[in-house]
Amino acid sequence: MRLFFKLIFNGIYLEYNWLFKEYRENYNEIHRYNELSPKEIKGIVKKYELNFEKKISKILIFSKVKKIQDILDRRLKKYQSNTYNELDRFGDLGLYRFYQFVVAYKRALENYYKKIILN
């Protein structure tokens, strides 16, 4: 419930909701008991870079995605300090997978903005 209030207070609830919906539709079911592999992360980055260029996907504001990442990072660090079991080192694995998805989306945004600036 506190996450909901943090998102509304920071004005990023709609962006979080859209990212979570994208994650849930495309990346939630495959190996959901493992973290995202580097190959899956590269696939996410490439997919969204191509979608940005073709204007298929929604392009969020970079600073808002960064705020979402920071909020999720703080939540995960809280889990890490309270968790001593190596098998459950991230606390909430679903939250960690979503965090990885947000980081990959942010990296795709960075690459897309770099291409725009260089052109």
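Structure values in brief
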quantity: Length added when fully stretched, Arg107-Ile61, from 0.36 nm per residue minus Cα-Cα; calculated: 15.3 nm
quantity: Solvent exposure ordering (accessible area, 1.4 Å, most first) of Tyr13, Tyr96; calculated: Tyr13, Tyr96
quantity: Loop sites in the stretch 18-78: GluC sites (Glu not before Pro), DSSP, at most 11 other Cβ within 10 Å; calculated: Glu29
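The values are calculated or read from the model by the stated rules, or taken from the named source; none is laboratory data. Values in this document were obtained by computation on a predicted structure and should not be read as measured data. All Cβ positions, glycine included, derive from the backbone under ideal geometry; neighbour counts span all protein chains shown. These accessible areas exclude ligands, DNA and RNA; they are computed on the full protein's heavy atoms, side chains included. Shrake-Rupley method; radii C 1.70, N 1.55, O 1.52, S 1.80 Å.
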